[in-house]
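The values are calculated or read from the model by the stated rules, or taken from the named source; none is laboratory data. Only a predicted model underlies this, so the values are computations on that prediction, with no experimental measurement involved. Using ideal geometry, Cβ is built from the backbone for each residue, glycine included, and neighbour counts are taken over all protein chains shown.
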Amino acid sequence: MTNTRKNKMALLYGVNDVRVEECDIPALKTGEVLVKVEAATTCGTDLKTFKRGGHPQIIKSLPSPFGHEMTGTVVEVAEGVADFSKHDRVVVANSAPCHECYYCKKEKFNLCDDIQFINGAYAQYLTVPARFVKYNTHRIPDDLPFEKAVLAEPLACVLYACKKINVQENETVVVIGDGPMSFLFNQVINFKKARSIVVGLDPQRLEWAKQSGAALVMNTAEVNVAQEINRITDGFGADVAIEAVGLPETWEQAMALVSKGGRVLCYGGCAKGTKMSVDTYRLHYDEITLLGTFHYTPQVMDEAIELLRHDSVDTSLFTSEVRGLEDLQKIFMGKDLKPALKYLIRASSV
């Protein structure tokens, strides 16, 4: 198949260095599809990758295509593709398990020994490799706008985490962190009819969290969070604490906020080699459950799409600020004057 299309795309070149370039789109290989990107969103992982000039799992060589949260329309289909056709509306997940290793055979697809990641959401077009087409590309219904469906991947991470920690109705759940993932946790906790308390440092984001349904917000610069949680729970502590920052000290803080029999979810990823201290007495005698979580499994993506389709999650705070590819360097350098949880990136199509 001859493909004469050009692709304007963002490439990560190194620390604090993303550039938009135009390049040829190579002919598709067997099993691949070409997707016109309709919407992409910025992500905290992308920011960390930008600041570090790479990522140990997601980006291993430079320059590299950049961005991983996207929706789009299939515009080309190679031989060997049976499940997708031109004009299909899709969300392409950013990972694909092998379905052959020890963990995949146990359906722990997020722990796959040969998991592959895809980048290139910040572009006009994305070539989707065969494994992603086969295992983790999902149709989105016609009544779900692209700018809502683009949140399916981060929402899937949160849904998977909440399943693992088993949030129940009427429980008190403390979410440590005021970033985009904390807001999605807040939404899912509300959907499950539990009480969400968001803890953070940014007054604007805490106000947004209150507007988006948090029962209570706490600024760690103004209150002693442990004392306040103890007060509002009649001295017992929260049923669940979710750490969504990614620092050992906030993992430890989460341990201190739960009641006897409480559950602690370490969601935020810490740097390799860092350690936390655990009160072994509490862990044992108070029967504290301490869980880690990573990523999501492909089937949870479909659940996320359905929640978004039925407006079970409010996406308005995530996609209100629209920018172009040329704004990415400014956004990741923190020079965009309008604060936002995420920026919706749109590339003009050729």
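Before moving on, here are some points about what is shown:
- Answer residue from the range 45-79, given it is among the small types (Gly, Ala, Ser) and touching a Lys or Arg at 6+ places or on another chain (Cβ under 9 Å) and is surrounded by the most Cβ atoms within 10 Å (Cβ to Cβ) among those: Gly72
- Residue match in the range 314-332 (condition: small (Gly, Ala, Ser) and closer than 30 Å to Val258 by Cβ): no
- Long-range neighbours under 7 Å by Cβ, at least six apart or interchain, first residue touching a residue at least 60 places away in the same chain (Cβ under 8 Å) within the range 210-226, second assigned to a loop (DSSP other than H, G, I, E, B): Ser212/Asp314; Ser212/Leu317
- Single residue of the range 221-246 satisfying the filter (β-branched (Val, Ile, Thr) and closer than 23 Å to Gln204 by Cβ) that is surrounded by the fewest Cβ atoms within 10 Å (Cβ to Cβ): Val223
- The criterion of being small (Gly, Ala, Ser), on the phi < 0 side of the Ramachandran plot and in the same structural domain as Leu111 (by TED's automatic domain parsing) does not hold for Gly269.
- Qualifying residue in the range 40-50 (condition: under 21 Å from Arg89 (Cα atoms) and over 21 Å from the mean Cα position of the chain (by Cα)): no
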